[in-house]
Every structure is written in structure tokens, then in C-alpha cells.
Amino acid sequence: MVQIDNLTKTYGDLTALDALSLTVKKGEIYCLLGANGAGKTTTINLLLGFIKPTSGSAYINDVSVVEQPKLTKNHLAYIPENLMLYPSLTAVENLDYFSGIANKKFNKEELETFLVDAGLQTSAFHKSVSKYSKGMRQKVGIAIALAKDAKVLLLDEPTSGLDPKASNEFGQLLQKLRQKEVATLMATHDLFRAKEVATTIGVMKDGQLKQQWAVDELSLKELEDSYLETMSYNSL
Amino acid sequence: MIIHTFKKETKELWRDGRVRIAFIIVLFLTAVAIFISTNHYKSVNEQYVEANANEREVWDNQGEKNPHSAAHYGTYAFKPKYPLSLIDQGVDKYTGTSIFLEAHRRNEAQFIAASDQTGLARFGDLTPDFILLFIIPLLLILVAYNSITKERERGTLRLLKSQGAIGWKIVFGKWLAIFSPVFIISFMLFLLAGLLLSNLPDFGVFSWSSLITLFATYMIYYAIFINLVLIISATVKKSGIALVLSLSVWILVCLVLPKMASNLAEYKYPYPTRQEFSANISKDKKLGLDGHNPWNKAAKELEKKTLKEYGVDSLSQLPFNYDGYRMQKGEEHEAEIYFKHYNYLKTQYSNQNGIYQKLAAISPYLPTRFLSMAIAKTDYNTHWDFSDAAENYRIESQKFLNDHFAKESKYGEWGFKADADFWRKLPKFNYEPPSLSKTIQTNMSGVFIMLIWFVGSFTVLFFTTKSL
């Protein structure tokens, strides 16, 4: 699970993240919504240990991101907005390499199984990924997470730029991971996809978590209205 | 993680057409260079063996002759071509191949290969050392400049870090993948050279230990280069900048600094001009004993001293031919003058070398170049060593001839002739170049600087990439 308590990040006078607190439990999908610069990616980067917080704490499966950033990597997987792989390698080779980096060793059949589970068509397994669409690359990203047996999945705008079919497939994959009790934190602009896959939705603005709802509490229309209201509230 | 990255990088490099083409070009160039060098080496050595035999035959078959006439007739000391000159020709082309040995004069090596070439020789030759010292580092830059920047630009570095990658391990895996093909190509080149050379029994003494030392020198040189390029790739953000910086380092290290070192050395410790050098020797010679002139001041003093020493009143009462004796004393005096002036040249050379050694601290090319030539026995030190050995042989030969003249004839007997078989008694000129261990000792500062570069660049690379 992901536990964030009063996490703050400042750059000089600029506060990128302001006392963020949230929890993503096992089997939950938490979608962070917000405009560009709201602090979504900063949150992901802090959880990945790419940047250090100014104050506050964060835990991945009870391991402190601040104190033991390397150890937290054993528990998480990350898929960025535009997942780039090694273009001259095949999907199987890419998966083998990234798994190896995480100290996971699999034979060819096992690697192919992960790719099947991630929804990648079999005919693409041994083709160079240079010609893969973004959706196919994201599926390899999911396969990397599956191979790692990650308990926490961090997604940064993963459906941005995907066509509706690919986006829908991606959502289904997240549901599969949810059944495996993976805690997913997803930063996104896509309100409709968030409503479809998330268990909890949080709205960020100016580095603060302004609203948080359980998805079951609201209809899509109510969610949209609330989101727009939150986004415009401070601008008035 | 290191081996895993090594395998992945090797796959990527192999599939990258750009790299494959570069390696094929280097292999082709290397093969051509070895072919050209082998032919050159064979032809020069055949000439050496033939010239040595012919010259000795001429010397041995002079017939009856006055020993001092034979001394003026002279002979040649031929410089052997060493097996590893196949890989590094060093300064051989500019130092001459033989020294004419005659009475009263120390001559410089002649028949300089470079002087026989046309103006086109200014473009340089395609030799294995050119490929090893200039082309392979360039190839390393082409392969390695974007090793880390491309991971950043693509975004794969973030993914790797999220998988728990450790920066220095990833980079060391890349290092191995870049080093391996260069190691294999160089290994093939050296092995081929070794097999060729070890199967040429007539041509000099080939030593596998020298070849392995030379190989190790180049491997250290490449390791340093890879480290420099990877440090740049890890430090800058864009591949384009990494390429420009890496090429700038190559230009600076391989082209600018060596030329700067040469200019600076010549400026600070200039050699005298040939005219000055000859004039100074002539001046010193005139001040001392001239073996041919019994009336000069020094000759008269020697005459008095000799008469006194042997307790006789006239030169004809001496138990030897005084003309031969005086000739030998004059020879010894001239030899001292030559040693004095040549030692000055050596001191200047040594001072110039000092400048190169200092600049080696900022260019790994310089110690590599000097070590490579030294191990191949194609450097100036070996040439000086040969030149001194030839001079010592000349002095011994002159003593051999003058002593015979003094012992076997009487004072004033200028018509004396040595027997026809006398010339065979003169020992042959047999030059033994410095051993490998002696060469390493002489170049210890270069070895030390290279090791500092090696360890230092690895340390900087480690700390630069520790937290990628």
C-alpha cells in the first residue's frame, strides 16, 4: 500500500506539493486528477525517490521512501506517460532486461506468459519494439510490473494519447491488477477513464489535495461537476 | 545487473547498423595496415640481412692493406628492424637505418626512409599504430558518446531507476559492452601479428611477452578513453553535446596536446643546428690531438710524454710503431669530443622528454605513444642506444686496427700492410637492444602516469554515475 503524510516539496518560493496526505490500500486504484502543474507528477516522482521531499513522509508497503528509497523499488512498478523501451530489442528481450534489473530471472516461456497477461498480441512478442504503438508499449510496461510482482503501481498519465480502444484495454488490465491486490496510484487528466477504473479519486490543485471521493459515491455527471467546481473555486 | 546490462548493450550495439559498419571499416583498415606493414617489415629485414652479409664480406676480403687505410675505408653498422615495429613503426622512418663507421668521425645514421618519400608522405601512412592510437578511440567515441544520454533522452533511465537499477552497475555493464568489441578486434590484430612474427625465425627476436605488454598498454589506453567518454555522457544532458565534447577531447588529447608538447619541448630545449653542432665539434677537435698531424701542440706533448715514459731518446727506439700509437690516442681524444657533444644532444632530448612526461598528465595519448614505441623498440631511446653501440664498436674497431698497426710495424713504416686474413679477426657488430624490463624501467614515469589515468578515470566515472 501507499501511505503519504503531509508530504511537501518546495523549490525556493514555489510550493510544488503542499502537505499532501493520502492512502492507497491493497487492491485500490487511486486516481489523482488535476491540471498541469497541480503536483501530480511531483507526487509520483517523490514516491519513486527521484526527488527528495522538503518535509513529510511517504511509505511504500511500510518502507520509507525518504529513508530507504532503494528498498522501496522492490515493491513498486512505474509506467510513465510515454513508456519508452529499447527500440532494437523485442518485447521479450525488453521484459527480460527490465526484470533482470529488478533481480528477477525468467525463462522465455514465463516472459511470454507475462506479455500474454498484459494483453500483447503473440505475433508482436519477437518483433523489435521500434514499431510498437504507444498502447503496445504500455502493455509491455504492465508486463514489466507483472514480472516484478509489484505490490504498488505508479502510473503517470498512462492513457494520455491512447485511442479509446487501447485506453479501454489498459483500464481492463488495471482491473486485473486490482484483483491481484496491487495498490495503484494513477495521475491522470482523463476524468472519464478515472471514473471507470478508480476506487478513489482525488483532485489536486496548486500542490494541494482539494477533494477526495470514493467513486461509488458519485455519478459521472456529479463527479464532473464537482471536479469543475473544485478547479474553478480558487480561481475566482 | 552488470552482466545483464552487458548482454543487452551488446545486443543493441550489434543490431545498430552504424556500429557494425564502423567495426567492419576498422577491421578492413587493420587488415590492410597489417598487410602493408608485414610486406614492409619483410622487405626491410631481407635488405638488412643481405646488406649485413655483403658489407661483412667486403670487409673480410679487403686483401692486404694498411690498417689505417682500412679504418678510413670504413664499414657499416646496420640497424635491425624489430618484430614489433610491424605494429608500431615509431620514429624508425625518421632516424635512418645504418651508420657509416670510419676513422676520426662519428657519423649519424643515414638512409632515412622519410627522405626517400614524395611530398605525399605528409599525409601519413596507414599503419597499425595509426589505427590503434587514433582510429579506435574515434570509434569508441562513436559507440559510447550517447550511452547514458540516450537513456535520459528516451526516458528509459527513469524506468531503470524505478526497477531499482544501481547507476554504476548499469554503466559498468555498458563499459564492458563497449570495451569487448575493441578488445576482440585488438586481440585479433595482435594475435595475427604474433603468429606472423613468430613464424619468421630469421628476422630478429620476437617475444610474446613484449607483444602482450604492448597489447596491455593499448587496452589501458582504450579503457581510459571509454571512461572519459562515459563521464561526459553521464554529465551532459543531450547526446549532441556529448558527441561534440567527446570529439573535442579526442582532438585535444590525440592531436593538439602532442603537437603542443612538441613545440614547447623544441622551444624550451632546442637542439643545435647541424652547422652549429659540426662547428663546435671541429673547434674542440682542433684544440686537442690530431692523430694525423705529428706537429701540432698536443702531438708534440704526447711525443715528449711517451719518450719519457719509455725512457728512450727517439720514437724509433719505442717497442711499437709510434704512428699507430699516436693515431689511436688521437682517436680516443676525438671519441671523447663526440661523446661530449652527443651527450649534450641526449641531455636536450631528455629535457624535451621531461616536457612530454609532464604533459602526459593531461593527455593519455602521450604516455601510450611513448610506451608503445619503446616496447616496439622504435623510439628515440632505442635509436640512441643503437647509435651509442655503433660508436663504441667504431672506437673498438679503430683500436683494433691502430693497435695492430702499432704492434706489427715500425715507426715511419707507412707502407705496412696487414695480412689478407687479418680483417676476419675483427669481431662482428652485434647490437642487442634494451630488454623489455629495462625498457619498462626507463619508461616507468609513463607507466605510472597511465596507471594514474586508469585508476583516476575509473574513480571519477564511479562517482559520476553512482547516483544517476
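The values are calculated or read from the model by the stated rules, or taken from the named source; none is laboratory data. Keep in mind the model is a prediction, meaning the values are calculated, not measured. Heads up, the Cβs are rebuilt from the backbone with ideal geometry, glycines too, and the neighbour counts pull from every protein chain shown. These accessible areas exclude ligands, DNA and RNA; they are computed on the full protein's heavy atoms, side chains included. Shrake-Rupley method; radii C 1.70, N 1.55, O 1.52, S 1.80 Å.
Based on what the data block shows, is B:Leu159 surrounded by 22 or more Cβ atoms within 10 Å (Cβ to Cβ) and either within 11 Å of another protein chain (Cβ to nearest Cβ) or over 30 Å from B:Leu211 (Cα atoms) (or both)?
Yes, satisfied.
Residues that are surrounded by 17 or more Cβ atoms within 10 Å (Cβ to Cβ), within 14 Å of chain A (Cβ to nearest Cβ) and either over 17 Å from A:Glu93 (Cβ atoms) or polar (S, T, N, Q) (or both) within the range B:11-23 comprise just one, B:Val19. Scanning the range B:346-364 for residues that are assigned to a helix (DSSP H, G or I), more than 12 Å from B:Tyr380 (Cα to Cα) and touching a residue at least 12 places away in the same chain (Cβ under 8 Å) returns B:Gln348, B:Asn351, B:Ile355, B:Tyr356, B:Gln357, B:Leu359. Each residue in the range A:125-149 was checked for being among the small types (Gly, Ala, Ser) and closer than 21 Å to A:Arg193 by Cβ, and 5 of them qualify. Within the range B:184-197, residues that are among the aromatic types (Phe, Trp, Tyr) have Cβ atoms under 9 Å from residues that are assigned to a helix (DSSP H, G or I) and open to solvent by less than 10 Å² (accessible area, probe 1.4 Å) in these pairs: B:Phe190/B:Leu211; B:Phe190/B:Leu214; B:Phe190/B:Tyr218, counting only partners at least 6 apart in sequence or on another chain.
For the range A:101-127, give me each residue that is open to solvent by less than 10 Å² (accessible area, probe 1.4 Å) and not in a loop (DSSP other than H, G, I, E, B). Scanning the range A:101-127 gives A:Ile101, A:Leu111, A:Leu115, A:Ala124. Number of residues in the range A:54-74 that are surrounded by fewer than 21 Cβ atoms within 10 Å (Cβ to Cβ) and either at the interface with chain B (Cβ under 9 Å from one of its Cβ atoms) or touching a helix residue (DSSP H, G or I) at 6+ places or on another chain (Cβ under 7 Å) (or both) equals 4.
Tell me which strands (runs of 3 or more DSSP E) are completely within the range A:1-70 and hold 2 or more residues being within 20 Å of A:Gly202 (Cα to Cα) and of a type in the set (Lys, Arg), or say none if there are none. Filter on the range A:1-70 gives an empty set.
Of the residues making up the range B:171-196, those that are within 14 Å of chain A (Cβ to nearest Cβ) and open to solvent by 10 Å² or more (accessible area, probe 1.4 Å) number 1.
Inside the range B:191-234, can you point out the residues that are of a type in the set (Ser, Thr, Tyr) and either over 17 Å from the mean Cα position of the chain (by Cα) or modelled with pLDDT of 85 or more (or both)?
B:Ser198, B:Ser209, B:Ser210, B:Thr213, B:Thr217, B:Tyr218, B:Tyr221, B:Tyr222, B:Ser233, listed by residue number.
Restricting attention to the range B:305-324, report how many residues are more than 11 Å from B:Ser409 (Cα to Cα) and of a type in the set (Phe, Trp, Tyr). Of the residues in that region, 1 qualify.
Would you confirm whether or not the range B:294-307 contains a residue that is open to solvent by 90 Å² or more (accessible area, probe 1.4 Å), at pLDDT 85 or above and within 30 Å of B:Pro364 (Cα to Cα)? Looking for residues that are open to solvent by 90 Å² or more (accessible area, probe 1.4 Å), at pLDDT 85 or above and within 30 Å of B:Pro364 (Cα to Cα), one finds none in the range B:294-307, hence no. Across the range B:1-10, the qualifying residues are those that are more than 10 Å from chain A (Cβ to nearest Cβ) and surrounded by fewer than 19 Cβ atoms within 10 Å (Cβ to Cβ), and the one among them that is modelled with the lowest pLDDT is B:Ile2. Among residues that are more than 9 Å from every other protein chain (Cβ to nearest Cβ) and touching a strand residue (DSSP E or B) at 6+ places or on another chain (Cβ under 8 Å), A:Ala77 is not included. You will find that of A:Leu14, A:Leu33, A:Leu22, A:Leu46, the residue that is within 14 Å of chain B (Cβ to nearest Cβ) and not basic (Lys, Arg) is A:Leu46 and no other. A search for C-beta distances below 8 Å between a residue of the range B:254-271 that is open to solvent by less than 90 Å² (accessible area, probe 1.4 Å) and any residue that is not in a helix (DSSP H, G or I), counting only pairs 6+ apart in sequence or on different chains, returns B:Cys254/B:Ser363; B:Leu257/B:Ile362; B:Leu257/B:Ser363; B:Pro258/B:Ser363; B:Ala261/B:Ser363. Checking each residue in the range B:24-58 for being touching a Pro at 6+ places or on another chain (Cβ under 7 Å) and either under 29 Å from A:Phe106 (Cβ atoms) or open to solvent by 30 Å² or more (accessible area, probe 1.4 Å) (or both) picks out only B:Tyr48.
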